[in-house]
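First comes the structure, then the notes that go with it.
The values are calculated or read from the model by the stated rules, or taken from the named source; none is laboratory data. Remember, predicted model here, so these are calculated numbers, not experimental data. Backbone-built Cβ (ideal geometry, glycine too); neighbour counts: all protein chains shown.
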Amino acid sequence: MSTTATILADGIYRTVVDRIGRIDERSQRVWGRMSADQMLCHCTDQIRLALAQKPATETASWFNRNIAIHIALALPRIPLRNLATPTDMRQGNRGLGTKPVNLAHDKRLLLAALADFRQHPADQPLSPHPGYGPLNRTQYGRFIYLHLDHHLRQFGA
């Protein structure tokens, strides 16, 4: 994938939907602590935050808003390592992340959130990203792709 891959591009979107379809009950994580259904809910939450369907606490520093976001969006992919998950999206008792129901249900939620994002009117603002601050539709489209790619690779899809 190029450094301009975005979930707004039809071909990228179809590829990501196919990769989501490959996640099943046998999918094992390569790194991290989330199960496959937790990962699906976590990815859904990120999109729902952008669409203001889920509240989030913005803690973006000046550095993240003005420098780090441009570096992050230019990378070909998120590095393979454990990254700190914001409390708003964290799973478990201390987090506010959506709790899994079952894999089929959680996949449907993620696919619906992706469709909602793609259909979001370009002239309507999106909610600020908790760690990077305000992003436009193009930036969020890129970030959503990077986030999904990272977690789908986490489960071998």
Extreme residue, surrounded by the fewest Cβ atoms within 10 Å (Cβ to Cβ), among residues of the range 22-57 that are part of a loop (DSSP other than H, G, I, E, B), among the hydrophobic types (A, V, I, L, M, F, W, C) and at pLDDT 95 or above | Leu51
Result of the Cβ filter at 7 Å on the range 122-149, keeping first residues that are in contact (Cβ under 8 Å) with a residue 24 or more places away in the chain and partners that are in a helix (DSSP H, G or I) and of a type in the set (Asp, Glu), at least 6 apart or interchain, is none
